[in-house]
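The values are calculated or read from the model by the stated rules, or taken from the named source; none is laboratory data. Values in this document were obtained by computation on a predicted structure and should not be read as measured data. Heads up: the accessible areas ignore ligands, DNA and RNA and are worked out on the full protein's heavy atoms, side chains in. Shrake-Rupley method; radii C 1.70, N 1.55, O 1.52, S 1.80 Å.
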Amino acid sequence: LFLYHYLPALTFQILLLPVVLQHVADHLCRSPLLRSVFGSLVVAWYSCACHVFNTLRPLTYGDKSLSPGELRALRWKDSWDILIRK
């Protein structure tokens, strides 16, 4: 529930991610085909993460006003309780 419990773990995860990716690329992907497939998967994963960030950015940061229809479109689950003001 408290943000200060999760921030050190998130920081460590962000710092460790390039090391893990480099280790996988060096030791598990020995052939050029596997390296290119792994690189493509990493690029696809990063593109998906950027797309989700840009999609949910107005909901998270509130940098632009959204209509009630746009707010409903941002819900991925019906259990998300997004306050819609009229």
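If you roll a 1.4 angstrom probe over the protein chains with everything in place, what fraction of the accessible area of the chain belongs to carbon and sulfur, to the nearest %?
Working: 5100 of 7680 Å².
Carbon-and-sulfur percentage of accessible area, whole number: 66.
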Discussion item. Just to be sure I understand, if you calculate Rg/Rh (Cα atoms, Kirkwood Rh) for this structure, which of [x] 0.96; [y] 1.17; [z] 1.13 do you get?
Written reply: [z]
Discussion item. Multiplying the sequence separation of Leu33 and Ser79 by 0.36 nm and subtracting their Cα-Cα distance, what value in nm do you get?
Written reply: 12.3 nm
Item to complete: Provide the per-residue ³J(HN,Hα) series for the range 28-40, in order, calculated from phi with Karplus coefficients 6.51, -1.76, 1.60 and θ = phi - 60°, each as a whole number of Hz, with x at glycine and proline positions.
Response: 9, 9, 8, 8, x, 5, 5, 5, 5, 5, 4, x, 5
Fill in: Residue-wise HN-Hα coupling along the range 47-52, computed from phi with Karplus coefficients 6.51, -1.76, 1.60 (Hz; x: Gly, Pro)
5, 5, 5, 5, 5, 5
